[in-house]
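Working notes, structure below.
The values are calculated or read from the model by the stated rules, or taken from the named source; none is laboratory data. Just so it is clear, the structure is predicted and the values come from calculations on it, not from any experiment. Cβ placement follows ideal geometry from the backbone for every residue including glycine, while neighbour counts extend to all protein chains displayed. Only protein heavy atoms, including side chains, enter the accessible area calculation; ligands, DNA and RNA are left aside. Shrake-Rupley method; radii C 1.70, N 1.55, O 1.52, S 1.80 Å.
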Amino acid sequence: MSFEDRQAFEIIERKAALRKELRAKRRSLSADEVRDASFAVAERVVSLSEFASAGIILSYMPAKNELDVSPVNRAARDAGKKLAFPLCVENGG
């Protein structure tokens, strides 16, 4: 395995470990913590000049204790912006 291949593999492993750690932290949040963080993030996002000037907003539908971005989605829709969502396929297939 080349040096570059080892580096790439190490990065992939570190990213996987970080995702696992952050997923565990997210799942440990209480409903109140998720609600409060969701509100704070939504308030910040809709106040950004980038949000104001964007014609299309890429968003997601929250799952497994993720932040609720529905206020951002509503604000985007109310402002006449287009909303785009990733296509998720079960089991990555």
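Just a few scattered comments:
- The angle between the Cα long axis of helix 3-27 and the longest principal axis of the Cα atoms of the chain comes to about 50 degrees, rounded to the nearest 10.
- Rolling a 1.4 Å probe across the protein heavy atoms gives the range 16-93 an accessible surface of 76 Å² per residue.
- The angle between the Cα long axis of helix 31-47 and the main principal axis of the chain comes to about 70°, on a 0 to 90 degree scale.
- Equivalent-ellipsoid semi-axes of the range 34-86, from the Cα gyration tensor, Å, largest first: 18, 13, 8
- Protein heavy-atom surface of the chain, 1.4 angstrom probe: 58% of the accessible area is carbon and sulfur, with nucleic acids and ligands not counted.
- Estimated dipole of the chain in Debye, rounded to 20 [Cβ of Lys and Arg +1, of Asp and Glu -1, Cα centre]: 120 debye
- Restricting attention to the chain, lysine pairs at least eight places apart or on different chains and with alpha-carbon atoms under 23 angstrom apart total 4.
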